[in-house]
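First up is the structure itself, then whatever we jot down about it.
The values are calculated or read from the model by the stated rules, or taken from the named source; none is laboratory data. What you are looking at is a predicted structure, and each value in this text was computed from that prediction instead of being measured. Ideal geometry is used to build each Cβ from the backbone, glycine not excepted, and the neighbour counts take in all protein chains shown. Please note that ligands, DNA and RNA were not included when accessible areas were found on the heavy atoms of the full protein model with its side chains. Shrake-Rupley method; radii C 1.70, N 1.55, O 1.52, S 1.80 Å.
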Amino acid sequence: MPSPRTWQWGQAVARCTSGDVRLRKEVRTLTQTERRRFVDAVVALVDSGIFAQFVPVHARWGAHGRASFFPWHRLFLLEFEDALRTVDPQVTLPFWDWSQDAARPADSMVWGDDLLGGATPGDCIPSGPFAGMERIYPTRRCVWRGFTASAAGRNTMGGQTFEDAATIQAAIAAPTSYDGFRVAIEVAHGSPHSAIGGAELTRRSGDPDETGEMGLASLSPSDPAFYVHHAYIDSVWTRRQGAPGRRATEYGGQRASHRDRLTPFGGAIVADTFNLPCVRYQVPLPAAAAGDHPSAAPRDGRSPSPTPSPAASERAEARAAVAAERAPRAAVQAEFARAVGQSEAEVVVGEELLEEAATEALLDGTLAVRVLAGGEGRRGDSAGGGGLRLIPRYNGTAVFL
């Protein structure tokens, strides 16, 4: 296997050309060989010490709570992928579309021993290729995760859930500004961080000795889960850039300019990130089962009838149902958003936009709500508890952007 010692920070943008296009795949679509090569390359970076170099960079310069959240992390991922490809030029950074696992994220295949490995709350990674791996910044200890995932199937994230694919798609399609969209997705991205890092730990106070690394923005790249999570977030921005009526160059926010420099990426500016010539995504989009979605074509091939606009009372009822179901997740998202520096105003706006996106998904039929008998319930609660349960009406499919 080639040595990663040839890699140097800051060269990824220059090496990203149309002659070196790579397709980033969703983890479920990787072949067994692709999965093994990716894992082997990450392990090589860990063993060489290069993996650890990314953590203090993110701790010092990582962009949160501002317009450059998407551009900065896009280049951070490109640097990581560039390092992987010095080990194996055939490797591409995959992404984990956690919206497909939103109801039961601890059951996701990513926690298998052939990818990210398992998890034991407040302890070293117990299994898989990264079992016992250590961080060295800011102090040396093994990398923690804050939930339970095991080969025996005892998988829990303390009842925490993520945003559904239908909600993410509705946020992409929403008539919001770039910065409104950025705020909503940045708030949503806190759910996996918080749950992976500390869903089943009694303290998520920000103490680096009491929290799994993914639960702390500064240390989160210590866990390989960070990269497949953030690659998904980058794919969501890509989908927004290519959405009808949108421009790839759409950007804005408080004191935000296309020419803002992104440190420490060799002089790159925001405009350099709008269309990386070497990166393409395989993007699972919500595709309704035939006949199950208002916009699905009838089996006889005729065009569907337009969906009537919901009455104000129907919209209010849908929004109330969504707000009730989202309440526990919104609290977790808000806590993480504040910890990474998002303002209180951003937290409020982000949660409102996500609630509106889920409401739109519910009203247009891509998300259904089921009222269960009994007391309080949560989405994905297979025990039958009670309350509200949101059910996405789609099958994942892959398209190319």
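Tabulated data
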item: Protection-proxy order for peptides 114-121, 166-173, each taking the mean of Cβ atoms within 10 Å per residue, highest first; result: 166-173, 114-121
item: Within the accessible area of the range 97-178 (1.4 Å probe), percent carbon and sulfur; result: 54 percent
item: Two-decimal Rg/Rh across the range 90-167, once Rg and the Kirkwood Rh are taken from alpha-carbon atoms; result: 1.01
item: Reference-scaled alpha-carbon Rg (2.2 N^0.38 Å with N residues) for the range 140-236; result: 1.17
item: The range 1-152 - charge dipole about Cα centre, Lys and Arg +1 at Cβ, Asp and Glu -1, debye rounded to 20; result: 380 debye
item: Farthest toward positive dipole pole in the range 17-108 [+1 Lys/Arg, -1 Asp/Glu at C-beta], among LEU77, LEU45, GLN32; result: LEU77
item: Farthest toward positive dipole pole in the range 48-122 [+1 Lys/Arg, -1 Asp/Glu at C-beta], among PHE95, ALA106, ALA67; result: ALA67
item: R0 of 22 Å, Cβ-Cβ distance GLN11-THR249: FRET efficiency to nearest 0.05; result: 0.35
item: Accessible area (Å², per residue) of the range 26-86, counting only protein heavy atoms and a probe of 1.4 Å; result: 33 Å²
item: Inter-centroid distance (Cα atoms) of the range 63-77 relative to the range 105-181, Å; result: 20 Å
item: Residue-span extension gain [ARG154 to ARG259] - 0.36 nm each, minus C-alpha spacing; result: 32.9 nm
item: Check: the range 1-53 dipole with +1 on Lys, Arg Cβ and -1 on Asp, Glu Cβ, in debye; result: 140 debye
item: Ranked packing of 332-341, 13-22, most packed first, by mean Cβ within 10 Å; result: 332-341, 13-22
item: Stretch gain in nm, segment ALA271-ARG104, where the contour uses 0.36 nm per residue and the Cα spacing is subtracted; result: 56.4 nm
item: Heavy-atom surface of the range 100-140, accessible at 1.4 Å and reported per residue (Å²); result: 42 Å²
item: Residue-count net charge about ASP97 - beta-carbon cut-off 14 Å; Lys, Arg +1, Asp, Glu -1; result: -1
